[in-house]
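Everything on this sheet refers to the single structure shown next.
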Amino acid sequence: MRILTYPEAVREATDQEMSIDPSVIVLGQGVDDPKAILGTTKGLAAKFGPTRVFDTPLSEDAMTGVAIGAALAGLRPIHIHIRMDFMLLAMNQLVNMVAKMRYMFGGSVSVPIVIRSIIGKSWGQGPQHSQSIYPLFMNIPGLKIIAPSTPYDAKGCLINAIRDNDPVIFIEHRLLYYQKSYVPAKPYTTAFGKARILSKGRDITLVGISQMAIECLRASIYLFKETGIRAEVIDPVSLAPLDIDTIARSVKKTGRLIIVDNAWVPCGLGAEIISRLLVESKLKGFVAQRMGFAHTTCPTTPALEKYFYPNAQSIAMKAYQICRPGKKHWRPNTKLKIEEVEFKGPF
Amino acid sequence: MSKISKINLGLTERFYRSLYRIRKVEEEIARIYPTDKIKSPVHLSIGQEAVSVGICEALRLKDKVFGTYRGHAMYLAKGGDLKKMIAELYGKVTGCAKGKGGSMHLIDTNHGIMGASAIVGTMIPVATGYAYALRYRKSNSLVAAFFGDGAVDEGAFHESLNFAALKKLPILFICENNTYAIHSHHLKRHHSDNIFIRARTYGMPSERIGDGDIFKIYRAANKYIAKIRQGKGPAFLECLTCRWKEHVGPNDDFDLGYRSEDEVSCWKKNDPLKEIGLLLSTATRERIESKVQVEIEEAFSFAEKSPFPSKEKIYQDVFAKSL
C-alpha cells in the first residue's frame, strides 16, 4: 500500500495529467515559486516549462478570465488560489461568466477549467485567510464544487476535474494537508456526485464537509470509546452535485443527523441537506442539528478562535445529546491530534 | 476620405456592403422593436459600424473576436450568420444561442465570433486568455477584443493589458470610444482624455483614430495585425465614434439632455456609409443594396417562422452532460 499525503496526491494528479495531456496548464500566484503552493506544484515548472506553469500578476479577476479564454480555445487550465478568500476578487468571472457561458451561448462553447483553492485555519489566519465560501457557489447553476477530505479522493477528484468539460471549483483545506492515505500510483478518476462513508454506524449520522469530515471521524472515535455510540461518518466529497441518496439511506437507518459545515451555518450545507431529505427523500421523524462556523468574523487570537470552529469534542458532545436525550452532560476525555485520525479505507 | 483613390475598388465595395448591411439590419430591428416581437433589449450599433467593419475586414476567418452587448456590428462585420442573429433576438430555438442569450450574447464560433457579454469589461480578460492559448499552440491567428470607453474604468481592462503585454500575446485591443457609458460622459469618469496613451504605458503600441474614417481604421488595423502575427505582442487602437441612438432601445434620446443634438449631427454629416457609397457607381450600390435587402427579409422571415424552444430546453446546456 502506497501512502501519500494530501499535497503529494494533489501534486501527483497534476503531474500525471500534464504528462498525458499537453492542453493542461497551471497558473496562479506563486505556482512556480520555491514554496510551490505548499508543495502541490513542486517541480512542475521545471518539468513542463514556463508556458505550461506560470506565476501570475495579482489580478485574480483577469487571470480567471484568462483561464476561461484559454479553456475556450481548448486548453485545460488549473487556476490556483492559495487562499479561498482570494476567489472573492474573481467573482465576476466566476459567477457572471464561467458559470453561464455554455448556457448563454446555447451550448456552442465548453469551458473546462479547474479552480483550486485552499481554506486556511489557525495560526492566526483570521478574518481574511480563513473563509470558506462554497455555499455562495452552491447557489449558482453551472459550477461543480468538490471538497475531498482524503488524499485518495483528492487525487481521483482532481483528475476527474481536469478531464471534466465544465468548470470545477476544487476546494482543499490547509489542515487536510496533514492527512495521509492509500493512493494508487496510476491515474484514476473519482466520479463526482458520490459521497464516501468514512465510518459505519447505526446510531447517528455525522456529515462533515472538507476538514470537518476528519473532525467528525475524531468525534466518532470519542463517542464509541467512551459511550458506545456508533456514528456513521459521511464525507459528501462532491458538494455540487450532492449525493443526497447516500445521506438519506444513512439517516433512514440512524434517525439522527448532524451536518457539520466547514462554513457559516445560514444557507449552508446543513440547510441544504435537511431540506432535501425532507422534500426529495421524503424522510420523516429524524432528529437533525446543524453545526458550523460561529456566525461572526473569524477572530485571529486563539483565545477566541477556539470558539469559532466546531471540533471533534463539540461534535461528539452534540451527538451525545441527540443520542442520549435527558442523560447527564458528557464531555469526552479522549484527545486525538488531527494527524492521528485518518481514513484508512477501504476505498 | 482623401486617400480613397489609393484603395482598390473591391475593398470599397466590401466596406459598403458591410456598413450598409449592419445599418439596414439595425434599422429593421428598430422598426420591428415596438411590436415586441424582439424579446431582448437591443443596444444598436447605428453610427458605430465603421469601427467593426474597418477592423474585421482586416481579419481572417480564423481570427477570433470578442465583443460587448453593443455587438451587432461586430457580429455582422466578422461574418456572423444573420438568420441566427435575428432568430436569437426573437428568442427562437434557431438562434445562435438557441434563444438563451439574446442580443447581448451573440456568438458564431464558425466565423470566429467567440461571444459577447452584458457585463462591461468582462470579455477583455477572456479574449486575452484565448490569445494565450493561440500563442501556446504557435497558431498564426490572433484575437481582436472590442470594448467601449466604459470598460476602461474596470480593473479587468488594466489587468488584461498588463498580462497581454507581459506575455506578448497575439491580441489587438479595440476601444470603441463613443464618449458615454450609458449617459455618463467619459470626462466625468476619467481625469484625462488619454485612453490610448494609457495603453502605451502597459507596453504596447497604441494610437487613436479620431474621426471614424474607415480607411484609417482599416490601415491601422492592418499595420498592427501584421506586427501581431510576427509575434511582436499586443497593440491597441482607440477609435472615437458616436452612438446615434439611445443607450438601449430604438429611439433618439436628445430629450434626456445629457448630450446635445450637435454632438451627434457632426458625426452624421460624415457618415461613412454615405461617403463610401459615393465612391461607387449607382449600379454597384444598387446591386449591393438589393442583395442585402433580400438577405434581411429572409432573416426576419426565418426568425418569425422559427419555433420557440420547448420547455425541457430550460435545463439543457447548464453542463456538458446533465447531472
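The values are calculated or read from the model by the stated rules, or taken from the named source; none is laboratory data. Everything numeric here is computed off the predicted structure, so don't read it as measured data. Positions of Cβ are backbone-derived with ideal geometry, glycine not excepted, and every protein chain shown enters the neighbour counts. Only protein heavy atoms, including side chains, enter the accessible area calculation; ligands, DNA and RNA are left aside. Shrake-Rupley method; radii C 1.70, N 1.55, O 1.52, S 1.80 Å.
Excluding B:V292 itself, calculate the net charge of residues whose Cβ lies under 9 Å from the Cβ of B:V292, where each Lys or Arg counts +1 and each Asp or Glu counts -1. Write out the running numbers ahead of the final one.
Details: positive: B:R17, B:R21, B:K24, B:K291; negative: B:E289, B:E295.
Residues near B:V292 contribute +2 overall.
The distance between label points at B:Q230 and B:R31 comes to 4.8 nm (points 7 Å beyond Cα on the Cα→Cβ vector).
Checking an interface number: how much accessible area is buried between A and B, summed over both chains, with a 1.4 Å probe, in Å² rounded to 100?
Values: alone 14500 and 15010 Å², together 26300 Å².
Accessible area lost upon association: around 3200 Å².
Once the C-beta distance of B:E295 and B:T109 is scaled by a Förster radius of 25 Å, the resulting FRET efficiency is 0.75 to the nearest 0.05. For chain A, a Gaussian network of Cα nodes joined below 10 Å ranks A:I273, A:I259, A:I115 by mean-square fluctuation, and the top entry is A:I273. A cut-off of 5 Å between modelled amide H atoms, ignoring neighbours fewer than 5 places along the same chain, links A:H173 with A:I119.
Charge dipole (Cα centre; +1 on Lys/Arg Cβ, -1 on Asp/Glu Cβ; no other charges) of the protein assembly as shown amounts to roughly 2260 debye.
Local charge for B:S310 was computed over the other residues whose Cβ lies under 15 Å away, with Lys and Arg +1 and Asp and Glu -1, and equals +3. A 1.4 Å probe, protein heavy atoms only, puts the accessible area of B:E286 near 110 Å². Around the amide H of A:I25, modelled in the peptide plane, lie the amide H atoms of A:R76, A:I78, all under 5 Å away and 5 or more residues distant in sequence or on another chain. Of the residues A:S199, A:L242, A:S122, the one whose Cα sits farthest towards the positive end of the charge dipole of chain A is A:S199 (charges of +1 on Lys and Arg Cβ, -1 on Asp and Glu Cβ, taken about the Cα centre).
Remark: mean inter-chain Cβ contacts per residue of B:115-128 equal 6, using a 10 Å Cβ-Cβ cutoff to other protein chain atoms. How far is helix A:244-254 tilted, in degrees, relative to the longest principal axis of the Cα atoms in chain A, given as a value from 0 to 90 rounded to the nearest 10? For helix A:244-254, the angle is close to 10 degrees. Residues whose amide H comes within less than 5 Å of that of A:T205, counting only those at least five positions distant or on another chain, are A:E232, A:R256, A:L257, A:I258 (H built at 1.01 Å from N in the peptide plane). Remark: region A:87-100, residue by residue, has Karplus-estimated 3J(HN,Hα) of 5, 4, 6, 10, 4, 4, 5, 6, 8, 6, 10, 5, 5, 10 Hz, where x stands for each Gly or Pro and the curve is 6.51 cos²θ - 1.76 cosθ + 1.60 at θ = phi - 60°. Projecting the Cα positions of B:G257, A:N92, A:Y178 onto the charge dipole of the protein assembly as shown (unit charges on Cβ atoms of Lys, Arg, Asp and Glu, taken about the Cα centre) puts A:Y178 furthest along the positive direction.
Per-atom-type breakdown for the protein assembly as shown gives carbon and sulfur 53% of the accessible area (1.4 Å probe, protein chains only). Once region A:3-182 is represented by equal point scatterers at the alpha-carbon sites, with solvent omitted, what log10 I(q)/I(0) does the Debye formula produce at q = 0.09 Å⁻¹? For region A:3-182 at q = 0.09 Å⁻¹, log10 I(q)/I(0) is -0.27. Near B:G99: Cβ cut-off under 9 Å, other residues only, Lys/Arg at +1 and Asp/Glu at -1. The net charge is +4.
Phi angles of region A:163-173 translate, via the Karplus equation with coefficients 6.51, -1.76, 1.60 and θ = phi - 60°, into HN-Hα couplings of 7, 5, 8, 10, x, 10, 9, 10, 9, 10, 9 Hz per residue; Gly and Pro are given as x.
Taking only C-alpha pairs under 8 Å that are 6+ residues apart, what is the relative contact order of chain A in percent? Working shown, then result.
Values: 752 pairs, mean separation 56.1, N = 347.
It comes to 16 percent, rounded to a whole number.
How much length is gained if the chain between A:S275 and A:N96 is pulled fully straight, taking 0.36 nm per residue apart and subtracting their Cα-Cα distance, in nm to one decimal? Please list the in-between numbers first.
Working: separation 179, 0.36 × 179 = 64.44 nm, distance 2.71 nm.
Result: 61.7 nm gained on full extension.
For a modelled paramagnetic label at B:L11, 7 Å from Cα along Cα-to-Cβ, the residues of region B:52-83 in reach, with backbone nitrogen under 18 Å, are B:52-61, B:78. Could you name every residue in region B:95-112 that has 40 Å² or more less accessible surface in the full protein assembly than in its own chain alone (probe 1.4 Å, ligands and nucleic acids excluded)? For region B:95-112, once contacts with the other chains are taken into account, B:K100, B:H105, B:I107 lose 40 Å² or more.
Just the number please: accessible area per residue for region B:186-241, 1.4 Å probe, all protein chains included, in Å².
On the way: 2470 Å² over 56 residues.
Per-residue value: 44 Å².
Counts of other chain beta carbons within 10 angstrom of each beta carbon in peptide B:169-175 average 0.
Placing unit charges on the Cβ atoms of the charged side chains and taking the dipole of the protein assembly as shown about its Cα centre, the candidate lying farthest along the positive direction among B:F157, B:V248, A:I169 is A:I169. Angle of helix A:60-72 to the longest C-alpha principal axis of chain A, folded into 0 to 90 degrees and rounded to 10: 70°. For region A:19-68, a reduction of at least 30 Å² in accessible area between the chain on its own and the assembled protein chains (probe 1.4 Å) is found at A:T51, A:F54, A:P57, A:S59, A:D61, A:A62, A:V66.
Summarising the label geometry, the points placed 7 Å from Cα in the beta-carbon direction at A:A46 and A:F286 lie 5.0 nm from one another. Under 14 Å from a label point set 7 Å out along the Cα-to-Cβ vector of A:D33, the amide N atoms of region A:66-80 belong to A:80. Specify the inter-centroid distance of region A:61-109 and region B:237-306, based on alpha-carbon positions, in whole Å. Between the Cα centre of region A:61-109 and that of region B:237-306, the gap is 35 Å. Residue ranking by accessible heavy-atom surface, 1.4 Å probe, largest first, among A:D235, A:D55, B:D36 comes out as B:D36, A:D55, A:D235.
Each Cα pair under 8 Å and six or more residues apart adds its sequence gap; the mean of these over the residue count of region A:196-325 is a relative contact order of 29 percent. Note on B:K168 and B:E312: the extension gain reaches 47.3 nm, defined as 0.36 nm multiplied by sequence separation minus the Cα-Cα distance.
A protection proxy built from the mean count of other Cβ atoms within 10 Å ranks the segments A:124-137, A:100-113, most packed first, as A:100-113, A:124-137. Remark: accessible surface ordering of A:V279, B:V248, A:V207 (largest first) is A:V279, B:V248, A:V207, probe radius 1.4 Å.
What average number of partner chain Cβ atoms lie no more than 10 Å from the Cβ of the residues making up A:85-98? If you can, show how the numbers build up before the last one.
Numbers: counts 0, 0, 0, 0, 1, 2, 0, 8, 6, 0, 1, 4, 7, 1.
Mean shielding by partner chains, rounded to a whole number: 2.
Relative to the longest principal axis of the Cα atoms of chain A, helix A:269-279 runs at roughly 70 degrees.
How many angstrom separate the Cα center of region B:12-60 from the Cα center of region B:193-234? Each part reduced to its Cα centre gives a spacing of 23 Å. Here region B:159-185 and region A:196-258 have alpha carbon centers that stand 51 Å from each other.
Each Lys and Arg adds +1 at its Cβ and each Asp and Glu adds -1 at its Cβ; summed about the Cα centre, chain B shows a dipole of about 1540 debye.
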